[in-house]
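**Q** Would you mind keeping the following structure in view while I ask a few things?
The values are calculated or read from the model by the stated rules, or taken from the named source; none is laboratory data. Model, not experiment: these values are computed from the prediction. Here the Cβ positions follow ideal geometry from the backbone for every residue, glycine too, while neighbour counts run over all protein chains shown. With ligands, DNA and RNA removed, areas are computed over all heavy atoms of the protein, side chains included. Shrake-Rupley method; radii C 1.70, N 1.55, O 1.52, S 1.80 Å.
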Amino acid sequence: MNKMKNIALAGNPNAGKTTIFNNLTGANQRTGNYPGVTVEKRVGQAKYGDCKFNIVDLPGTYSMSAVAEDELVARNYILQEKPDAVVNVLDASNLYRNLYLTLQLIELEKPLVLALNMIDTAKEQGTEVSIERLKLHFPNVRVHTMIGSKNIGTQELLATLSEDLSVCPLKLTYGPQVEKAAEQVLDILKPMNLPADFPTRWLTLRLLENDMELCSLPDMPCMTLPMQEAIQEIRNKLAAELNEDVGTFISAKKYEYINHILQETVYESDDQKINISDKIDEILTHKYFGLPIFLFFMWLLFNAVFTLGAYPQGLIEQGVEMFGEYLNGYIANEELRSLIVDGIVGGVGGVITFLPNILLLFLGISILEGTGYMSRAAFLMDRVMLSVGMHGKSFIPLLIGFGCTVPAIMGTRTLENKNDRLVTMLVSPFMSCSARLPVYTLLISAFFKESIAGTVLFGIYVSGVLMAIIFAKIFRKTLFPGNTEPFIMEMPPYRVPTLKTVLLQMLERAMMYIKKAGTIILAASILVWFLTSNPKNVEYTQDYSGQIAKLEQQYEQLPSAELQDEIGALKIKEHSEALEQSYAGKIGKSIEPVIKPLGFNWRIGVGLLAAFSAKEVLVSTLGTIYSVGADEGAEMALASVLQADQSLSPLVALSLMFFVLLYTPCLATIAIIYRETGGWKWPIFTAVYSVAVAWVVSFIIFNVGRALGF
């Protein structure tokens, strides 16, 4: 009979937990949110013999103290979901930092397995870990050495997890004063009738450390006010006896025990090898050259996104066009043909063509993250962030925003200070998410030379970062005054990212992009098609059908290029008049006075309105608008169609790219800000102020550019 076990993976950031998760689950994994919260979780399945595993990758965390939201999620999952075992992934080259979480996990009284990852890196640095001695300090805890990057130790870990595992009986003592206070707290809690398997010792210690977040646990009976006051009195008395904060004292005792463990289990070689990471950091994190080097790497990335992506993008574009032409000749019903070819293929197909660019962007970001360079980027930006009143740690969510703003907003949960969180949330939408990339790529390919395309794209991304920094300064001075906390961050050693991890991350993002194309963008494309195709009773200024039919008869008798051009011109005029009188045209015309000073026509206005749902929808909307009514067999690439529009120019394209960069983020981002802040105040503020900023910036770009003769 097959058994199903629930396994939780816990560990510090940069300990290689995600690599081990990928090794355990392969491609058999999915991404979602933890119940009731928006922090992303990854779940995968694995099998060993008759045993099946449901493996949950918990957020990377340094402790279970629940200071940050990620810590709270990881801790609550272990307490509430009661996994059959917790795999604690440790960086074998940095056990001093990693074992603190191990001691906290032991106090949660769940079966524990230690996975000493990167044992090869530890050896390269001259560090030897005695596994047998380590086991003596953690009774009933199975210890495995692993090299996640080479998929070494994965099967052995699964074999252990398939066995019946016991809880570690280790009980750290914190001195007579703390132990006495813990007994007193436990006496107070007795009337609460806690579950038999609840870690009561851990609970008493956390209450002594003033962790009142425990009251929010669904299974936790509510403490009465007299109980809370009694515990507060015990805590105050203990702090006075210790002459320091109780939490600080307990942490110090844990580190004392960690030092004792390391003295008996870890051996440092006398002739330790030169730390390669430190040597590389002398260059890449240099006081003066570090930031320019980082910007150069980002410039290379965006050039690669544009230039390398152009080849597969062109192939997909041709495939979409051929598919549209095939359907044009296959579907007899004119209305159905228009819906499928012009609405769905023209809209969704226009967005799918940019999938190679999205994949290249995520490939680059995955490599930078996998090597450990993103941590250095945050370090390099620390001085800049502090100068505008932001936490240096805020740059990490902003970097995540290059992929998607939603996880960037969720990433602010790692910030302990509420003001830091809110400022970072409000400026995160200025970072160019992957949804904007198709818009940039379309406009750049249509209106800018290939030799400067990558530089223009890089400039747009950098402009978003600068706008985020400027408005962070403004918000810090006005809405959220106060001091900024110092930035402390661990620098992981440089590593070669595993091909499997990089490919899985790319695949995951590609599937998310395709899923969005098949849902939000598909729905938006059908809606835009309906708005552009109706009403049917259009009153034309002249008899286009009669004139076109007459010219086509003449063309059959005596074909000529002049007649063909004249027929094409009449069809374009007929198409334009039909569009202007459509529902979409009326909507676009109604907002045209507002956007005309920015250089935008009503067609772009319709696209910008539709793109409130998702920024890629601007591309699909323009694809639908410009393809509805197009001559059969005369499909053109959207970039070429935009080039042919006399109302558009490189200056208008630049103005539009900045507007897309800055105006209201997608509905998903607004929704996530609402969930994170618990109200509509900040989501509405974000929507309004970003539109205003986008309008002002685009107005300046277009009108100053026009005044200069561009």
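**Q** Among all residue pairs at least 6 apart or on different chains, which show Cβ distances below 8 Å where the first residue, located in the range 364-392, is closer than 18 Å to Tyr288 by Cβ and of a type in the set (Phe, Trp, Tyr) and the second is surrounded by 21 or more Cβ atoms within 10 Å (Cβ to Cβ) and modelled with pLDDT under 75?
**A** Qualifying pairs under 8 Å: Phe379/Gly392.
**Q** What are the residues in the range 171-181 that are part of a helix (DSSP H, G or I) and open to solvent by 70 Å² or more (accessible area, probe 1.4 Å), if any?
**A** Restricting attention to the range 171-181, the residues satisfying the condition of being part of a helix (DSSP H, G or I) are 176-181.
Listed by number, the residues that qualify are Pro176, Gln177, Lys180.
**Q** Give the number of residues within the range 312-334 that are touching a residue at least 12 places away in the same chain (Cβ under 8 Å) and open to solvent by 30 Å² or more (accessible area, probe 1.4 Å).
**A** Number satisfying all stated conditions: 8.
**Q** I would also like to ask the following. So which of Asn151, Asn140, Asn98, Asn76 is polar (S, T, N, Q) and open to solvent by less than 10 Å² (accessible area, probe 1.4 Å)?
**A** On the way: Asn151 fails: open to solvent by less than 10 Å² (accessible area, probe 1.4 Å); Asn140 fails: open to solvent by less than 10 Å² (accessible area, probe 1.4 Å); Asn76 fails: open to solvent by less than 10 Å² (accessible area, probe 1.4 Å).
Answer to the selection: Asn98.
**Q** Looking only at the range 57-69, filter to residues that are surrounded by fewer than 21 Cβ atoms within 10 Å (Cβ to Cβ) and on the phi < 0 side of the Ramachandran plot; which one of those is modelled with the lowest pLDDT?
**A** The qualifying residue modelled with the lowest pLDDT is Val67.
**Q** Next question, about the same structure. Kindly evaluate Gln313 against the criterion of being at pLDDT below 80 and within 25 Å of the chain's Cα centre (by Cα).
**A** The answer is yes for Gln313.
**Q** When the residues of the range 533-549 are narrowed to those that are open to solvent by less than 70 Å² (accessible area, probe 1.4 Å), under 53 Å from the mean Cα position of the chain (by Cα) and without any contact (Cβ under 8 Å) to a residue 40 or more places away in the chain, which ends up nearest to Lys573 (Cα to Cα)?
**A** If we take residues in the range 533-549 being open to solvent by less than 70 Å² (accessible area, probe 1.4 Å), under 53 Å from the mean Cα position of the chain (by Cα) and without any contact (Cβ under 8 Å) to a residue 40 or more places away in the chain, then Tyr544 is nearest to Lys573 (Cα to Cα).
**Q** Okay, moving on. Mind checking which pairs have a first residue in the range 180-197 that is closer than 23 Å to Gln80 by Cβ and a second that is at pLDDT below 80, Cβ under 6 Å, 6 or more apart or different chains?
**A** Going by the 6 Å Cβ cut-off, the qualifying pairs are Met192/Pro221.
**Q** Additional query: Test Ile469 against the criterion of being among the β-branched types (Val, Ile, Thr) and modelled with pLDDT under 80, and give yes or no.
**A** no
**Q** Can you tell me how many residues in the range 569-582 are surrounded by 15 or more Cβ atoms within 10 Å (Cβ to Cβ) and hydroxyl-bearing (Ser, Thr, Tyr)?
**A** Total meeting the criteria: 1.
**Q** Counting just the residues of the range 402-432 that are over 23 Å from Asn357 (Cα atoms) and outside any helix (DSSP H, G or I), which one comes out modelled with the lowest pLDDT? Reasoning before the result, please.
**A** We begin by selecting, within the range 402-432, every residue over 23 Å from Asn357 (Cα atoms); these are 409-427.
After this cut, where a residue has to be outside any helix (DSSP H, G or I) as well, the list is 415-417.
Numbers: Leu415: 71, Glu416: 65, Asn417: 72.
So the residue we want is Glu416.
**Q** Restricting the search to the range 182-211, which residues are assigned to a helix (DSSP H, G or I) and not aliphatic (A, V, I, L, M)?
**A** The answer is Glu183, Gln184, Asp187, Lys190, Pro191, Thr200, Arg201, Trp202, Thr204, Arg206.
**Q** I'd like the residue in the range 473-485 that is at pLDDT below 75 and closer than 21 Å to Ala408 by Cα and, out of all such residues, is most open to solvent (accessible area, probe 1.4 Å).
**A** That would be Glu485.
**Q** If you don't mind, another one. If a residue must be open to solvent by 10 Å² or more (accessible area, probe 1.4 Å), in contact (Cβ under 8 Å) with a residue 60 or more places away in the chain and either under 16 Å from Ile20 (Cβ atoms) or part of a helix (DSSP H, G or I) (or both), how many such residues does the range 107-124 contain?
**A** 4
**Q** Cβ-Cβ distance below 8 Å, separation of 6 or more or different chains: which pairs start in the range 507-532 with a residue that is modelled with pLDDT of 75 or more and among the hydrophobic types (A, V, I, L, M, F, W, C) and end on one that is in a loop (DSSP other than H, G, I, E, B) and crowded, with 17+ Cβ neighbours inside 10 Å?
**A** Trp529/Val628; Leu531/Ser582
**Q** For the range 433-472, which positions are surrounded by fewer than 17 Cβ atoms within 10 Å (Cβ to Cβ) and in a helix (DSSP H, G or I)?
**A** The answer is Glu450, Ser451, Ile452, Thr455, Gly459, Val462, Leu466, Ile470.
**Q** Here's a follow-up. Taking the range 321-332 only, how many residues are farther than 23 Å from Ala524 by Cβ and of a type outside the set (A, V, I, L, M)?
**A** Selection size over the range 321-332: 4.
**Q** From the list Ala569, Ala549, Ala578, which residue is more than 22 Å from Phe530 (Cβ to Cβ), part of a helix (DSSP H, G or I) and modelled with pLDDT under 80?
**A** Just one listed residue meets the conditions, Ala569.
**Q** Quick one: is Arg97 touching a residue at least 12 places away in the same chain (Cβ under 8 Å), basic (Lys, Arg), touching a helix residue (DSSP H, G or I) at 6+ places or on another chain (Cβ under 7 Å) and not in a loop (DSSP other than H, G, I, E, B)? If you could, list the steps in order and put the result at the bottom.
**A** On the way: touching a residue at least 12 places away in the same chain (Cβ under 8 Å): yes; basic (Lys, Arg): yes; touching a helix residue (DSSP H, G or I) at 6+ places or on another chain (Cβ under 7 Å): no; not in a loop (DSSP other than H, G, I, E, B): yes.
Taking the combined requirement at face value, the residue does not satisfy it.
**Q** Could you list, in sequence order, all residues of the range 583-624 that are under 18 Å from Glu335 (Cα atoms), surrounded by 17 or more Cβ atoms within 10 Å (Cβ to Cβ) and more than 31 Å from the chain's Cα centre (by Cα)?
**A** Ala584
**Q** I would also like to ask the following. Identify the residue in the range 677-706 that is part of a helix (DSSP H, G or I), out of contact with any Ser or Thr (no Cβ under 6 Å at 6 or more places or on another chain) and small (Gly, Ala, Ser) and, among all such residues, is farthest from Val652 (Cα to Cα).
**A** Taking the range 677-706 and keeping what is part of a helix (DSSP H, G or I), we get 677, 681-706.
Filter again for out of contact with any Ser or Thr (no Cβ under 6 Å at 6 or more places or on another chain), leaving 677, 681-686, 688-689, 692-697, 699-700, 703-706.
Restricting the remaining residues to those that are small (Gly, Ala, Ser) gives 692, 694, 705.
Details: Ala692: 18, Ala694: 14, Gly705: 9 Å.
So, considering only residues that are part of a helix (DSSP H, G or I), out of contact with any Ser or Thr (no Cβ under 6 Å at 6 or more places or on another chain) and small (Gly, Ala, Ser), the one farthest from Val652 (Cα to Cα) is Ala692.
**Q** Gly126: touching a strand residue (DSSP E or B) at 6+ places or on another chain (Cβ under 7 Å), closer than 30 Å to Gln263 by Cβ, modelled with pLDDT under 85 and of a type outside the set (Val, Ile, Thr), yes or no?
**A** Yes, satisfied.
**Q** Restrict the check to the range 336-351 and report whether at least one residue is open to solvent by 20 Å² or more (accessible area, probe 1.4 Å) and free of Cβ contacts under 8 Å to residues at least 12 places away in the same chain.
**A** Yes, some residue in the range 336-351 is open to solvent by 20 Å² or more (accessible area, probe 1.4 Å) and free of Cβ contacts under 8 Å to residues at least 12 places away in the same chain.
**Q** Something else: Consider the range 550-568. How many of its residues are among the hydrophobic types (A, V, I, L, M, F, W, C) and open to solvent by 50 Å² or more (accessible area, probe 1.4 Å)?
**A** Of the residues in that region, 2 qualify.
**Q** Also, I was wondering about something else. List the number of the failed condition for Thr160; all other conditions in (1) farther than 26 Å from Leu134 by Cα; (2) outside any loop (DSSP other than H, G, I, E, B); (3) without any contact (Cβ under 8 Å) to a residue 60 or more places away in the chain hold.
**A** Thr160 satisfies all of (1) farther than 26 Å from Leu134 by Cα; (2) outside any loop (DSSP other than H, G, I, E, B); (3) without any contact (Cβ under 8 Å) to a residue 60 or more places away in the chain except (1).
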